[in-house]
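The values are calculated or read from the model by the stated rules, or taken from the named source; none is laboratory data. Worth saying up front: this structure is predicted, and the values here are computed from it rather than measured. Every residue, glycine as well, gets a Cβ built from its backbone with ideal geometry; the counts of neighbours run over all protein chains shown. Heavy atoms of the whole protein, side chains included, go into the accessibility calculation; ligands, DNA and RNA do not. Shrake-Rupley method; radii C 1.70, N 1.55, O 1.52, S 1.80 Å.
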Amino acid sequence: MFDLKELERAHEIVGQAVPATPAHAWPLLAERLGTAVIVKHENHTPTAAFKVRGGLVYFDRLKRERPGTVGLISATRGNHGQSLAFAGRRYRLPVTIYVPHGNSVEQNRAIRGFGAELVEHGEDFQAAREEAYRCAATNGLEIVPAFHPDLVLGVATYALELLRKAPDIDVLYVPIGQGSGICGCILARDLLGLKTEIVGVQSTEAPSYALSFAAGAVVTTKTSNTRADGVATRIPDADAVAIICKGASRVVQVTDNEIASAMRAYWTDTHNLAEGAGAAALAAALQEKSKLQGRRVGLVLSGGNIDFDRFRHWVGTDAPIAQPAVA
């Protein structure tokens with residue numbers, strides 16, 4: 001998909017707007033997991049999520065190669081939309097973002113705050129995405145898919161930062177939404193010639209990529225009812241599935257309650273606020289704790305965008321205690 005020189009150039013493009021994010025070794029998390037752990041804090045970008053990197057690289061190529069583009073359109077549950085809105089403002093191009101009804105109120109406000117037009121449509125991400133494609137064809141706008149080589153190239157820059165700082169990570173846990181994050185990690189690892197084991201993480205309520213990994217081909221689901229909206233995917237991307245099947249070790253499924261406990265652990269152990277998808281990697285590591293002793297663990301905290309009310313009701317003191325997923 002790209003070589004190391006292209007990845008380093010993408011890192012320069014991203015770096016003009018997004019400084020390298022921290023990668024911290026938190027002693028209380030190490031104590032909780034019983035082994036060394038380092039967290040890549042993509043919740044510290046200007047949009048509080050990793051996807052801003054992909055939007056910047058996508059727009060950079062767009063302005064160079066397709067300068068006549070009049071506007072862009074896409075669908076999202078939040079972070080992808082914020083990424084495009086952020087980049088659209090920086091590159092002075094109008095952006096329209098479709099979200100499903102009932103989407104995060106604070107995500108919607110952030111998308112509008114970065115200057116995009118926001119349209120609510122449908123009951124889930126897939127319905128919003130289908131309407132965005134229809135609107136793009138009708139109005140002559142460029143559709144930006146949730147998975148695209150330039151988006152993967154952009155988000156792979158966080159993996160470049162992490163793996164150059166900590167090339168001795170034995171196993172890296174990465175949440176899977178539409179697949180750009182984990183694919184970026186796989187490709188960056190391979191370009192750097194490392195042996196880091198990469199493990200994808202999905203919700204038990206939205207396991208399309210986990211099922212696809214097991215089958216070696218795209219498997220869709222009828223629902224994606226997880227409260228972790230960043231991993232609520234019903235229809236995987238075929239190119240992403242191919243990269244994951246070739247380069248990932250496995251895909252772990254975690255329950256919403258396990259994710260909630262991981263969000264709480266991030267707050268108590270590091271004072272970082274993680275959204276559901278952002279906490280999924282820690283949830284998976286905790287589920288596999290017995291396998292990790294003596295290994296150096298990496299966790300991608302992919303984002304911190306969660307409504308305050310959702311955080312309070314999901315991970316507050318009255319929230320249910322996690323029960324591990326059945327293997």
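Numbers at a glance
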read-out: Solvent-accessible surface ranking, highest first, for Ile235, Ile244 at 1.4 angstrom; value: Ile235, Ile244
read-out: Two-site FRET efficiency, Glu117 against Ala20, from Cβ-Cβ distance with R₀ of 30 Å, rounded to 0.05; value: 0.45
read-out: Virtual spin-label span in nm between Arg89 and Arg134, 7 Å along Cα→Cβ; value: 3.1
read-out: Net lengthening on full extension, Cys245/Thr268 (0.36 nm per residue, minus Cα-Cα); value: 4.8 nm
read-out: The chain: antiparallel DSSP beta bridges as a percent of all, rounded to 5; value: 10
read-out: Point-to-point label distance, Thr223-Thr69, nm (Cα→Cβ direction, 7 Å offset); value: 3.7
read-out: Value of [θ]222 nm, deg cm²/dmol, for the chain, DSSP H segments ≥ 4, -39500 (n - 2.57) each, nearest 500; value: -14500 deg cm²/dmol
read-out: Nearby lysines by direct alpha-carbon distance to Lys63 (threshold 27 angstrom, same-chain neighbours under 8 apart not counted); value: Lys5, Lys51
read-out: Largest to smallest accessible area among Lys5, Lys51 [probe 1.4 Å]; value: Lys5, Lys51
read-out: Whole-Hz couplings from phi, Karplus 6.51/-1.76/1.60, listed for region 175-190; x for Gly and Pro; value: x, 10, x, 9, x, 5, x, 5, 5, x, 5, 4, 5, 5, 4, 5
read-out: Listed values (1) 6, 25, 30, 21, 11, 5, 2, 1, 0; (2) 6, 29, 38, 22, 5, 0; (3) 5, 21, 25, 24, 17, 7, 1, entry calculated as P(r) over Cα pairs in 10 Å bins from 0, in percent; value: (2)
read-out: HN-Hα J in Hz across region 223-229 - Karplus 6.51, -1.76, 1.60, θ = phi - 60°, x for Gly and Pro; value: 9, 8, 8, 5, 6, 7, 5
read-out: Solvent-accessible surface (1.4 angstrom probe) belonging to Ser180, in square angstrom, nearest 10; value: 10
read-out: FRET efficiency, 1/(1 + (r/R0)^6) with R0 41 Å, evaluated for Ala30 and Leu192 via beta carbons; value: 0.95
read-out: For region 246-320 and region 95-137, distance of Cα centres in Å; value: 26
read-out: Accessible area in the full protein assembly, largest first, 1.4 Å probe, for Lys222, Lys291; value: Lys222, Lys291
read-out: Net charge contributed by nearby residues that have their C-beta within less than 12 Å of Asp168 (K/R +1, D/E -1); value: +4
read-out: Gain upon complete extension [Glu12, Ala215; 0.36 nm per residue less C-alpha separation]; value: 69.3 nm
read-out: Reach of Lys40 by Cα under 12 Å, taken over aspartates and glutamates that are not fewer than 8 positions away in the same chain; value: Glu161
read-out: Within straight-line cross-link reach of Lys246, aspartates and glutamates at Cα separation under 17 Å, skipping those fewer than 8 residues along the same chain; value: Asp190, Glu197, Asp237
read-out: In Å², nearest 10: area of His313 left accessible to a 1.4 Å probe; value: 130
read-out: Accessible-area value, Arg112, 1.4 Å probe, nucleic acids and ligands omitted, Å²; value: 120
